[in-house]
Amino acid sequence: VRWMMYWIVFALFTATETVTDLLIAWFPFYYEVKMAFVIWLLSPYTRGASLLYRKFVHPTLSRKEKEIDTYIIQARDRSYETVVRFGKRGLNLAATAAVKAATKGQGALAGRLRSFSMQDLRSVPDEA
């Protein structure tokens with residue numbers, strides 16, 4: 001449970017860090033403060049991740065649980081529809097490519113078969 005709390009808080013920190021790095025990276029000792037914060041989150045003595053999770057993250061997730069469940073259901077439904085749509089499109093493209101390759105390759109195949117005709121074999125000298 002402790003590691004779960006750490007990784008959830010660390011993921012939120014990383015997500016906000018991408019924005020804050022652009023805005024306040026010029027601040028003196030920004031990277032040192034950021035490193036100290038990560039150590040504070042990870043330390044078993046301070047239990048910073050556990051504190052932040054219990055005080056902020058868990059209450060927010062509990063309040064928004066119904067909305068989160070609704071978004072998950074919508075994402076699942078949309079992902080199924082998207083997979084089916086792209087699957088159909090991919091099969092159509094593969095079938096078209098196979099038909100084009102067969103029609104183009106048919107001439108080359110006929111040319112190779114012609115090269116092994118009996119007339120070509122008669123022109124090869126017998127070594128026996």
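The values are calculated or read from the model by the stated rules, or taken from the named source; none is laboratory data. Predicted, not measured: the structure shown is a model, and the values here were computed from it. Here the Cβ is made from the backbone with ideal geometry for all residues, glycine too, and neighbour counts use every protein chain on show. Accessible surface is based on the protein model in full, side chains and every heavy atom, while ligands, DNA and RNA are left aside. Shrake-Rupley method; radii C 1.70, N 1.55, O 1.52, S 1.80 Å.
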Selected residue (criterion: modelled with the highest pLDDT) from residues of segment 104-128 that are in a helix (DSSP H, G or I) and open to solvent by less than 90 Å² (accessible area, probe 1.4 Å): 105
Failed criterion for residue 38 (all others in (1) touching a Leu at 6+ places or on another chain (Cβ under 9 Å); (2) touching a residue at least 24 places away in the same chain (Cβ under 8 Å) hold): (1)
The one condition in (1) exposed (fewer than 14 other Cβ atoms within 10 Å of the Cβ); (2) touching a helix residue (DSSP H, G or I) at 6+ places or on another chain (Cβ under 9 Å) that residue 52 fails to fulfil: (1)
Cβ pairs under 7 Å, 6+ apart, first in segment 51-65 and in contact (Cβ under 8 Å) with a residue 24 or more places away in the chain, second open to solvent by less than 60 Å² (accessible area, probe 1.4 Å): 52/9; 53/5; 53/8; 53/9; 57/8; 57/9
